[in-house]
């Protein structure tokens with residue numbers, strides 16, 4: 001593969017969640033191009049499985065879409081060094097009120113590779129213990145529980161459109177469906 005070379009990186013805007021950069025790139029054919037980069041510190045998400053096999057989901061308003069979405073619990077890392085398994089357990093408790101003693105890595109995804117480096121590690125949590133939500137001041141969400149079959153149907157009907165949630169549901173189904181009684 002030919003070499004790409006970054007000639008310059010300029011910070012265009014610093015945000016609460018992301019930073020926006022513009023890179024000046026030398027591409028293999030000798031041309032110079034301007035590329036956008038959204039820098040994200042990373043995130044963690046969790047497929048929370050109750051003893052009855054139902055998965056906990058959160059329904060919340062998303063400003064970018066101007067509507068509510070149904071998603072798995074997730075959130076940004078408190079810093080690039082925060083272990084993602086700890087962040088997943090923190091988000092589980094904050095958003096659903098449930099806790100667990102450990103999580104298992106299900107998959108890792110990059111959300112939008114063309115212009116963003118956001119990586120989300122997605123975990124599975126079992127042996128959930130009920131507790132209390134600890135929502136951020138600007139958070140308002142409802143916790144709902146669904147069977148895996150119901151969630152897959154919502155994906156097929158385009159009722160769930162959040163990429164991390166679709167990836168989590170379908171990966172979880174592929175890995176554990178038919179084996180759920182073993183867990």
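Read-outs throughout are calculated quantities, based only on the coordinates presented, and are distinct from any laboratory measurement. These numbers come from a predicted model, not from an experiment. Cβ sites come from the backbone with ideal geometry, for glycine too, and all protein chains shown count toward neighbours.
Using bins of 5 Å that start at zero, the share of Cα-Cα pairs per bin across the chain amounts to 1, 7, 15, 18, 18, 13, 9, 7, 5, 4, 2, 0, in whole %.
Counting neighbouring Cβ atoms within 10 Å and putting the fewest first, the residues 120, 27 line up as 27, 120. Helices in the chain, meaning DSSP H runs of at least 4 residues, each add -39500 (n - 2.57). Divided by all residues, the mean residue ellipticity at 222 nm is -6000 deg cm²/dmol. First obtain the Kirkwood hydrodynamic radius of segment 52-111 from its Cα pairs, then insert it into the Stokes-Einstein equation at 10 °C and 1.306 mPa s, and state the resulting D in µm² per second as a whole number. Approximately 121 µm²/s, per Stokes-Einstein.
Where does helix 84-96 land angle-wise versus the long Cα axis of the chain, in degrees 0 to 90, nearest 10? Orientation of helix 84-96: about 50 degrees from the principal axis.
Axis of helix 163-176 versus longest Cα principal axis of the chain: the two differ by about 50°, to the nearest ten degrees.
Write down the percent of antiparallel bridges among all DSSP beta bridges whose residues are both part of the chain, to the nearest 5. Taking every DSSP beta bridge within the chain, about 85 percent pair in antiparallel fashion. Residue exposure proxy: 89, 57, 170, ordered by other Cβ atoms within 10 angstrom of their Cβ from fewest to most, comes out as 170, 89, 57.
A Förster radius of 22 Å combined with the Cβ-Cβ distance from residue 174 to residue 126 puts the calculated FRET efficiency at roughly 0.80.
Taking every C-alpha pair closer than 8 Å and separated by at least 6 residues, the mean separation divided by the residue count of the chain gives a relative contact order of 21 percent. Extension gain for the segment residue 34 to residue 108, taken as residue separation times 0.36 nm less the Cα-Cα distance, is 23.8 nm to one decimal.
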